[in-house]
Amino acid sequence: MAVVADISHDAKEIYDSIAEQYVEVKKAPHRTAVEQYTLFDVMLLKNEPELGKGARILDMACGNGHYTRKLRELFPEASYICGLDISSSMIDIAKQCESQLQQNIDYINVDGKDLPISEPLYDIVTAAYYLNYAQTRDELCVMIKGIFDQLKPG
């Protein structure tokens with residue numbers, strides 16, 4: 001797993017160094033047209049309109065919390081929303097936004113592979129910018145199992 005540790009370390013270093021610029025990148029028009037539409041309109045909202053009521057939601061690899069905040073807007077009745085990221089700089093920005101917006105979102109600086117299983121489990125887990133860091137099929141399977149382990153049965 002030395003390669004995995006190297007990749008995690010590299011990702012942390014890169015995102016720590018570009019955290020401020022990343023805020024602006026997330027505002028680009030193609031992000032709204034493609035990413036936001038795909039994640040929210042197609043994957044979540046159109047499939048389960050009642051999904052967010054009382055839900056516990058985890059956003060893995062949340063970066064600066066851009067889409068985590070969108071999750072709160074889309075699911076205002078969610079009981080708990082948490083974003084996590086390996087980059088402490090990204091989490092710092094997310095926490096700054098949270099202190100201004102007061103959306104009742106927790107942000108945690110942790111590598112998704114090191115996240116302990118939550119109790120109670122989550123109803124929704126998003127991982128849009130997490131799985132692409134898998135370098136092998138085995139590593140991808142470990143990451144997917146980690147997500148699965150965070151989810152409530154059903």
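The values are calculated or read from the model by the stated rules, or taken from the named source; none is laboratory data. It should be emphasised that the depicted structure is a prediction, and the values quoted were computed from it without experimental measurement. Using ideal geometry, Cβ is built from the backbone for each residue, glycine included, and neighbour counts are taken over all protein chains shown.
Tabulated data
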| read-out | value |
| --- | --- |
| Pairs with Cβ under 8 Å, 6+ apart, first in the stretch 27-38 and within 19 Å of Gly65 (Cβ to Cβ) and in contact (Cβ under 8 Å) with a residue 12 or more places away in the chain, second of a type in the set (A, V, I, L, M, F, W, C) and surrounded by 12 or more Cβ atoms within 10 Å (Cβ to Cβ) | Glu35/Ala128 |
| Those residues of the stretch 56-108 which are touching a residue at least 40 places away in the same chain (Cβ under 8 Å), in a helix (DSSP H, G or I) and either among the hydroxyl-bearing types (Ser, Thr, Tyr) or surrounded by fewer than 20 Cβ atoms within 10 Å (Cβ to Cβ) (or both), in sequence order | Tyr67, Ser88, Ser89, Asp92 |
| Which listed residue, of Gln96, Gln135, is modelled with pLDDT of 95 or more and among the polar types (S, T, N, Q) | Gln96 |
| Condition met for Ile144 (within 15 Å of the chain's Cα centre (by Cα), without any contact (Cβ under 8 Å) to a residue 40 or more places away in the chain and surrounded by fewer than 18 Cβ atoms within 10 Å (Cβ to Cβ)) | yes |
